[in-house]
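The values are calculated or read from the model by the stated rules, or taken from the named source; none is laboratory data. Keep in mind that this is a model prediction, so the values were computed, not measured. Positions of Cβ are backbone-derived with ideal geometry, glycine not excepted, and every protein chain shown enters the neighbour counts.
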Amino acid sequence: MKKALLLLILLISTVLSGCWSSKEIEDLSLNVGIAIDDGDQLAEEMRHIDQVSSSQEKGDLAVTFQYINTSATTPDSKGGGQKQFTNVSAIGNTNHQNIRVISLREENPIMFHHTKVIVVSGELLKKIGIREIMDFYLRDSEARLSCLVLVSKGPAKDTLQSKDPAVIPSFRLLGIVDNAYRSSRILNPMTLAKIQGESYSKSSYLLQNVYTEDGEVKFSGAGIMRGKTNKLIGYISEDDLTGITLITGDAKGGPIPAFEKQSGKPMVYEIETIKSKIIPHVKRGKISFDIKIDSEGILSENWKDSKEPSEKIASEAEELIKEEMEKTLARTLKKTQKHYKVDVVGFDNELRIKYPKTWNRVKDDWDATFAELPIKYSIKVKIINYGNTDARS
């Protein structure tokens with residue numbers, strides 16, 4: 001009996017002794033962000049690190065990995081203390097090669113289980129399709145398909161910098177996406193999973209653009225990805241992006257400014273709800289579209305002095321906001337449909353669902369077909385709240 005009890009105690013002690021293969025968190029390289037740049041452009045800057053040959057092939061990737069600095073001291077209120085992140089860069093022909101290059105300089109292997117964001121240089125995306133650039137991370141079992149993908153008009157590595165030591169840049173970028181309810185200039189998150197689907201669909205699409213300067217970042221418009229090539233062909237502005245989210249109905253909030261015609265004084269309409277519908281038509285083989293938008297919101301600011309009844313002021317404001325939205329849609333469609341000749345909204349999907357035979361006839365060259373199609377739009381705006389005062393200033 002005593003021997004059996006002793007054996008039981010020994011068995012339990014081995015089970016409760018912990019995981020034999022565990023590692024301290026300080027010994028792990030927990031990657032939270034990745035920036036991928038054009039190696040040809042950054043080769044001179046990075047050659048002293050990786051001893052890059054001057055005869056590197058074109059199309060090389062310069063990759064920056066951001067780790068959480070688990071041993072950093074907490075920054076004080078004056079901005080002192082260590083940075084909460086560490087950036088390590090490498091240059092090579094492929095993503096996998098760059099990861100192995102890091103192994104020559106760092107004692108701990110990179111772990112991608114916690115990667116939150118991947119930022120790709122726009123210059124690189126003009127040369128190489130995004131499917132090729134993302135191939136390794138789509139295949140790798142460690143990388144999460146929920147990882148956010150962004151484009152940067154400047155060097156992608158700069159988006160992983162911060163002047164504030166308390167800020168982890170990758171987390172900051174992820175957090176900005178959550179502000180979509182405050183701005184109509186933020187796209188629905190484009191994740192690795194969505195990239196995989198978009199890259200095979202041959203439909204054109206948008207990537208949120210990140211502008212950076214001196215350690216500060218800002219979401220600024222979007223990059224246009226042509227479906228056939230999966231390469232970047234240009235950018236749309238922040239105002240154009242508002243037009244896109246109005247058409248798709250993805251605008252979860254955000255101000256729409258307008259100006260009173262006689263006085264020129266501003267007023268601001270805050271979007272509370274928006275419903276949008278794209279309606280395709282096919283008559284005698286000719287394709288056209290109608291866009292219907294209904295929005296309700298708040299008159300959040302009004303600089304005009306007026307003694308008129310609140311109902312009349314609200315009605316005039318609704319008309320001004322409607323006209324401003326129409327101008328935004330006109331500019332957006334001119335830029336995407338006429339200038340870049342791409343459908344980045346999803347008109348193709350609506351046509352495919354309602355008129356599958358017509359879609360099969362035009363799908364092989366849809367962007368070119370779309371560029372010539374007539375599009376009409378109607379907008380209804382209703383002010384449901386004036387804030388803590390009435391409609392009058």
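Tabulated data for the structure shown
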{"quantity": "Output for the range 359-383, where each listed residue is within 25 Å of Ile293 (Cα to Cα) and either in a helix (DSSP H, G or I) or among the polar types (S, T, N, Q) (or both)", "calculated": "Trp359, Trp366, Asp367, Thr369, Phe370, Ser378"}
{"quantity": "All positions within the range 364-379 that are touching a residue at least 12 places away in the same chain (Cβ under 8 Å) and exposed (fewer than 13 other Cβ atoms within 10 Å of the Cβ)", "calculated": "Ala368, Pro374, Lys376, Ser378"}
{"quantity": "Residue list for the range 106-144, restricted to those being under 19 Å from Val210 (Cβ atoms) and of a type in the set (Asp, Glu)", "calculated": "Glu123"}
{"quantity": "Any hit, the range 102-115, residues being under 22 Å from Asp60 (Cβ atoms), assigned to a helix (DSSP H, G or I) and either in contact with a Phe, Trp or Tyr (Cβ under 6 Å, 6 or more places away or on another chain) or not acidic (Asp, Glu) (or both)", "calculated": "yes"}
{"quantity": "Single match in Asp60, Asp40 (criterion: modelled with pLDDT under 90, among the charged types (D, E, K, R) and crowded, with 19+ Cβ neighbours inside 10 Å)", "calculated": "Asp60"}
{"quantity": "Residue, modelled with the highest pLDDT, within the range 162-178, restricted to residues that are among the hydrophobic types (A, V, I, L, M, F, W, C) and more than 19 Å from the chain's Cα centre (by Cα)", "calculated": "Val167"}
{"quantity": "Checking Trp303 against (1) out of contact with any helix residue (DSSP H, G or I) (no Cβ under 8 Å at 6 or more places or on another chain); (2) under 30 Å from Gly129 (Cβ atoms); (3) of a type in the set (Phe, Trp, Tyr), the condition it does not meet", "calculated": "(2)"}
{"quantity": "Residue in the range 274-285 that is closer than 26 Å to Trp366 by Cβ, out of contact with any Lys or Arg (no Cβ under 6 Å at 6 or more places or on another chain) and modelled with pLDDT under 95 present", "calculated": "yes"}
